[in-house]
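Notes for the one structure printed next.
Here, each number is a calculation from the coordinates, and none is a lab measurement. Computed from a predicted structure; not experimentally measured. We place every Cβ from the backbone using ideal geometry, glycine too, and count neighbours over all the protein chains shown.
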Amino acid sequence: MLTFRNTNLGVGLLLLALLLWDGWHHVPWWFYALLVFVYSLIMFYGVYFIQSGFFMKTLYEGPPDAGRVIALTFDDGPSAEHTPRLLDLLKEHDLKAAFFCIGKNIAGNETLLQRIVQEGHVVGNHSFTHDTWFDLFPVRRIAAELRETDRRIESVTGKRPALFRPPYGVINPNVRDAVRQTGHRVIGWNVRSYDTMTGDNQKLMARLLRLLKPGAVVLLHDHGKKTLDVLPGFIRAARERGYAFVRLDHLLNVEAYV
């Protein structure tokens with residue numbers, strides 16, 4: 001398995017071999033440039049594909065024997081405008097989901113956060129600021145964001161999240177080290193809807209159904225109208241295909257709270 005550790009070891013050995021060979025025979029400069037290029041590509045893969053487990057283990061799909069069950073997850077809330085309607089929709093269809101909340105969004109939405117838990121959904125940590133440069137913050141600051149979000153969620157719901165989804169799904173050594181300090185489990189996905197980027201509801205629906213698979217963890221967001229428009233049809237279509245919806249922690253067989 002390709003990991004940060006064995007990649008560094010392999011590239012280090014290749015670089016040493018090149019330097020040794022360069023001592024006997026001239027090695028063209030582009031050999032070194034190619035090595036740097038390949039290393040950069042591997043790092044990009046590890047940082048931006050949460051399923052890779054490149055820097056640390058991530059949970060992003062159900063077990064191989066899960067069967068036709070899937071879990072819905074919603075990022076970036078709570079949203080005073082859209083989350084209540086989403087909760088109504090989930091209640092109507094008798095579904096339980098996971099909400100990865102941004103800490104700064106909790107203020108003013110405490111009653112909404114309580115409702116999420118009271119109606120049987122899971123609340124997870126999605127950082128405090130969801131800053132564009134979150135993954136470039138120092139380890140101490142990243143860990144502080146996770147702890148503050150945990151504190152705010154616990155102060156409202158009485159539950160301290162055990163699950164963390166990194167903003168944008170980005171993991172690097174800083175995020176890894178911070179998560180090791182806080183003790184969270186990192187949650188990814190294997191069906192990314194792009195519901196915040198896709199402007200066409202039909203294309204969004206088609207993508208969700210095309211990627212649907214047993215044990216899927218579906219990434220959606222609870223701060224946009226498109227998701228609310230498409231979700232009822234997706235739920236019906238998935239059920240018609242024989243899929244059942246289960247709560248994320250049940251699909252992954254993990255504890256949702258500490």
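The alpha-carbon atoms of the stretch 63-166, seen along their principal axes, cover 41, 38, 25 angstrom, with the largest extent given first. Taken over the stretch 142-205, the percentage of Cα pairs per 10 Å bin, counting from 0 up to the bin with the maximum distance, is 18, 39, 27, 15, 0. What the phi angles of the stretch 135-141 give under the Karplus curve with 6.51, -1.76 and 1.60, with θ = phi - 60°, is a coupling list of 6, 9, 5, x, 3, 4, 6 Hz, glycine and proline written as x.
Using the beta-carbon distance between H26 and D200 and R0 = 41 Å, what value does 1/(1 + (r/R0)^6) give for FRET efficiency, to the nearest 0.05? After rounding, the FRET efficiency stands at 0.15. Converting phi to 3J(HN,Hα) with the Karplus coefficients 6.51, -1.76 and 1.60 and the offset θ = phi - 60°, the stretch 149-166 yields 5, 4, 4, 5, 5, 5, 5, 8, 10, x, 10, 9, x, 9, 10, 10, 10, x Hz in sequence order, with x at every glycine or proline. What you get for the chain, charging only the Cβ of Lys and Arg (+1) and of Asp and Glu (-1), is a dipole of about 280 debye around the Cα centre. As a size descriptor, the averaged projected area of the C-alpha convex hull of the stretch 69-252 was calculated at 9.7 nm².
Taking 41 Å as R0, compute the FRET efficiency from the Cβ-Cβ separation of Y45 and R160 and round it to 0.05.
Working: r = 33 Å, r/R0 = 0.80.
For R0 = 41 Å, the calculated efficiency reads 0.80.
Dividing the helix sum by the residues of the chain, where each DSSP H run of 4 or more adds -39500 (n - 2.57), gives a mean residue ellipticity at 222 nm of -15000 deg cm²/dmol. Spin-label pair R141-T3: with each label point 7 Å from Cα along the Cα-Cβ axis, the two points sit 2.9 nm from one another. Lysine pair count for the stretch 69-252 with Cα-Cα distance under 23 Å and sequence separation of 8 or more or different chains is 13.
Packing here is the average count of other Cβ atoms within 10 Å per residue, and on that basis the peptides 147-154, 37-44, 104-111, highest first, run 147-154, 104-111, 37-44. Here the spin labels are modelled as points 7 Å beyond Cα on the Cα-Cβ line, and at V36 and R236 they lie 5.7 nm apart. Between E119 and A244, the distance separating the two model label sites (each 7 Å from Cα on the Cα→Cβ line) works out to 2.2 nm.
With contacts defined as alpha carbon pairs under 8 Å and 6 or more residues apart, what's the relative contact order of the stretch 123-258 in percent?
On the way: 158 pairs, mean separation 32.9, N = 136.
Relative contact order of the stretch 123-258: 24 percent.
Sorted largest first, the spans of the alpha carbon positions of the stretch 4-48 along the three principal axes are 39, 19, 5 Å. Run the numbers on the stretch 37-134 and let me know its relative contact order in percent, using alpha-carbon pairs under 8 Å that are six or more apart. Relative contact order for the stretch 37-134 comes out at 23 percent.
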